[in-house]
1. Which aspartates and glutamates have a Cα less than 18 Å from the Cα of Lys105, not counting those fewer than 8 places away in the same chain?
2. Could you give me D for the chain, from Stokes-Einstein at 37 °C and 0.692 mPa s, where the hydrodynamic radius is the Kirkwood radius over C-alpha pairs? Units µm² s⁻¹, please.
3. Under 8 Å for C-alpha pairs, at least 6 residues apart: give me the relative contact order for the chain, rounded to a whole percent.
4. Normalising by the residue count of the stretch 194-321, find the relative contact order in percent from Cα pairs under 8 Å and 6+ residues apart.
5. Please order Met1, Met14, Met141, Met375 by the number of other Cβ within 10 Å, starting at the fewest.
6. For the Cα atoms of the chain, what angle does the longest principal axis make with the long axis of helix 10-19, in degrees from 0 to 90, nearest 10?
7. Mind ranking 124-135, 206-217 by how tightly packed they are, going by the mean number of other C-beta atoms within 10 angstrom, highest first?
8. Expressed in nm to one decimal, what extension gain is obtained for the pair Arg286 and Ala89 from 0.36 nm per residue of sequence separation less their Cα-Cα distance?
Amino acid sequence: MRIAIIGAGPAGLMAADTLAPHAEVDLYEHGKHPGRKFLVAGQGGFNLTNSAEGRDLLEHYDPPGFLDEALTAFGPNELRTWLAELGIATFIGTSGRVFPVKGIKPIDVLERIRQRLLQQGVRLHTEHAFTGFDEQGRVCMENRQGPFTLDADHVIFALGGASWPITGSTGIWPPLFKAIGVEVLPFQSSNCGVEVHWPAAFIGAHEGKPLKNVRITAGDRSTWGEATITRHGLEGNAIYPVVPALREGATELRIDLKPDSTVERLAERIGAKAPRNFAEAVGLNRAQLALVKAFTPKETFGTPMLFAERIKDLHLPVTGLRPLGEAISSVGGIPVGELNADFSLKQHPHLYAIGEMVDWDAPTGGFLLQGCFAMGRWAAHGILAEYGTHVEP
Ligand SMILES: Cc1cc2nc3c(=O)[nH]c(=O)nc-3n(C[C@H](O)[C@H](O)[C@H](O)COP(=O)(O)OP(=O)(O)OC[C@H]3O[C@@H](n4cnc5c(N)ncnc54)[C@H](O)[C@@H]3O)c2cc1C
């Protein structure tokens with residue numbers, strides 16, 4: 001059995017690792033190195049997965065049900081065991097996010113995966129680009145020597161989405177799949193910052209400051225955490241989870257700057273104080289007060305109850321989402337309806353699509369990498385099962 005995998009990100013690497021003991025595997029990557037986005041993911045907090053389990057895990061993925069089988073077969077525990085086999089010990093942080101232990105860098109994780117693939121006989125071909133399909137439906141590639149077609153029983157595509165194109169996930173492949181009759185949805189930013197027109201005086205004084213412990217709501221999505229004031233708007237873990245609602249048409253954020261208190265309690269704390277002391281009475285810092293002022297009619301500032309109501313429900317008009325180049329992930333790509341349960345294409349069952357090139361969504365916190373790894377594993381299982389080989393997760 002000959003398998004070609006195109007795209008050496010987490011999804012493609014996992015598919016290669018699962019198939020390698022049972023098949024001839026060629027892994028193609030158009031960049032000079034595998035896993036560049038994986039390395040970028042490690043520059044901030046490197047969440048390899050999340051400790052959520054069962055329903056709690058599955059509920060983080062959209063559309064509901066699409067990844068249930070893959071994640072149930074290869075969830076966070078299985079991923080952590082797999083990492084441990086590679087010598088990558090992990091720990092669960094306070095937020096449930098799973099990190100490699102201190103001293104292990106993203107490049108170490110990637111290098112151990114790469115070494116294991118090579119030991120298992122995977123042929124890694126860098127600077128080999130997928131360029132389309134020929135008239136017979138064969139997969140066309142190009143390297144420094146020129147164009148060629150692939151000779152493989154199954155081809156797994158793991159080309160990534162369209163965020164951070166500098167890492168190689170350029171998102172320029174949709175026309176190639178459309179040419180063979182596969183629907184592809186436009187890419188949109190996910191897990192990204194939002195744009196707000198700040199008054200010049202406000203942003204001049206408060207750019208870079210955090211809004212800690214806030215509840216943020218957009219449409220039917222609500223979350224709690226921290227948002228950073230940026231030149232363009234707001235960014236951070238309290239923003240990303242509400243982005244789907246903004247993509248679906250919501251036009252404002254509603255911010256609760258004091259989620260642990262009620263309007264009545266805040267008004268009580270303000271009591272009979274003079275308006276210039278309202279902010280101090282309820283513990284608003286300078287950035288928070290400036291934010292309230294920037295988006296509140298002046299008369300609100302003299303009335304304790306109105307002021308308290310604003311603190312609990314500040315309406316912020318959103319003018320857009322930050323572009324794909326800055327987003328942590330993207331949605332769009334191949335719609336799930338184009339895929340069979342094993343992630344093969346309904347119209348071309350010897351071709352598979354896995355990872356972020358498929359139109360699913362999940363929040364940050366390790367859920368994205370977990371989803372990609374699980375898809376790689378599941379597609380590989382499907383192929384092996386076809387040949388009568390069963391592999392435990
Ligand atoms: C700044 C940042 C931080 C992140 N942090 C986290 C985190 O902490 N936790 C988390 O879970 N997720 C995180 N992510 C998201 C995570 O990195 C991605 O979801 C994941 O890398 C997607 O994996 P993938 O295999 O689908 O695609 P990718 O990792 O994008 O890999 C796709 C590969 O395909 C190659 N390719 C593309 N086109 C071609 C072609 N035509 N021919 C050959 N090869 C091609 C690309 O070069 C690339 O190597 C982060 C992302 C970013 C940008």
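Please treat every number below as a calculation from the coordinates, not as lab data. In this text the structure is predicted, and so the values were computed from the model without any measurement. Positions of Cβ are generated from backbone atoms using ideal geometry, with glycine treated the same way; all protein chains shown enter the neighbour counts.
1. Cross-link targets: Glu85.
2. So the translational diffusion coefficient is about 145 µm²/s.
3. Relative CO of the chain lands at 24 percent.
4. 30 percent
5. Ascending Cβ contact count within 10 Å gives the list Met1, Met141, Met14, Met375.
6. 30 degrees
7. Put in order of decreasing packing, that is 206-217, 124-135.
8. Values: separation 197, 0.36 × 197 = 70.92 nm, distance 4.21 nm.
Full-extension gain reported as 66.7 nm.
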